[in-house]
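A quick write-up on the structure given underneath.
Quick note: the coordinates plus some simple rules give every number you see, no bench work behind them. The structure displayed is predicted, hence computed values, not measured ones. Here the Cβ positions follow ideal geometry from the backbone for every residue, glycine too, while neighbour counts run over all protein chains shown.
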Amino acid sequence: MTLQTTAGNIADKVSAMLSQPENAPTKFYCLVSTPRSGSKLFCDMMTSTGLAGDPKEWVNIRYIREFWKQTAGQQGKFQKYLDTLIPQTTTENGVFALNLHVDQHQFLLKNKINIFKRIKFDKIYYLRREDKIAQAISLAKARATDVWGSSTRKPADYDQKVAAITNAAILQELQRLVAWEEIAHSGMQQFDGVFNYEDFAFDPEQVAYRRIFDDLGIDLPAGVSFTTTKQKQATARDDERRASLLRSVGLGE
């Protein structure tokens, strides 16, 4: 697999979306999450079945801008974007899916767009991570380098950028994550289920994924499996960062 930059990956995903045949959606579900919560892993597993839509961060502003770039003349027409996106990411069995980060929802609201009024989801789930410190460290690294997954090519100065991350920067990400989770649980939407990364990422029975199929009444043929190409991004250096962070706030040895 040839690794690309994040911008290149997004361009490829939008291009692939635009080339897909249209299917009429009959079932809609949304995976609400925060960055670095294992959402890409979860979505990859669902997509791999070919029966659960193509849940990606489709309303991430970077995806929307790339859509405008590839379809000249549509800039600013969000409903046109949805009208194109929905049928072309719906699987043949009529399932549409969206991965929505809390901050993306907040951004849309500031622009007077309520995605939950634009799309009537049958089921809405929340993906979260118990270990907020590990999540904050991962988010600080991704934001500093623009490397958001194992399929992204690291820039030449990746190590230098990671080394330059301060405890203050990690604490800022931790604050964001806690605030986003508070928003998620304070009336954003009623969730039909909450799945923790620490459970679904290591569950050989794949209970969380199968639960969504059951909830939506989607038949899962015996030969279909949940697979992913995503790889764990954490390193041993992250444990050192955690220890340093805790010492900086008087909680370490």
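What the table below lists for this structure:
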quantity: Packing-based order for 215-226, 17-28, using average beta carbon neighbours within 10 Å, highest first; calculated: 17-28, 215-226
quantity: The range 6-248, relative contact order in percent, only Cα pairs under 8 angstrom and at least six apart counted; calculated: 29
quantity: Efficiency of FRET from Cβ geometry, A168 and D214, R₀ 41 Å, rounded to 0.05; calculated: 0.40
quantity: Cα-only radius of gyration and Dmax that characterise the range 72-159, units Å; calculated: 16.8, 44
quantity: Label-zone membership for the range 111-131, site F191, 7 angstrom Cα→C-beta point, backbone N under 16 Å; calculated: 123-131
quantity: Modelled FRET efficiency - R0 30 Å, Q206 with K120, Cβ distances, 0.05 increments; calculated: 0.65
quantity: Rounded FRET efficiency, nearest 0.05, which uses the C-beta distance separating A144 from F78 and R0 of 41 Å; calculated: 0.85
quantity: For the range 1-156: Kirkwood Rh in Å [reciprocal of mean 1/r, alpha carbons]; calculated: 16.3
quantity: Within the chain: Cβ-based charge dipole about Cα centre, in debye rounded to nearest 20 (Lys, Arg +1; Asp, Glu -1); calculated: 940
quantity: Whole-Hz couplings from phi, Karplus 6.51/-1.76/1.60, listed for the range 99-110; x for Gly and Pro; calculated: 9, 10, 6, 4, 5, 5, 4, 5, 4, 5, 4, 5
quantity: Estimated distance in nm for a label pair at E198 and A179, the labels positioned 7 Å out from Cα along Cα-to-Cβ; calculated: 2.5
quantity: Residues in the range 197-235 reached by a label modelled at E130 [backbone nitrogen below 12 Å; 7 Å Cα→Cβ]; calculated: 197-202
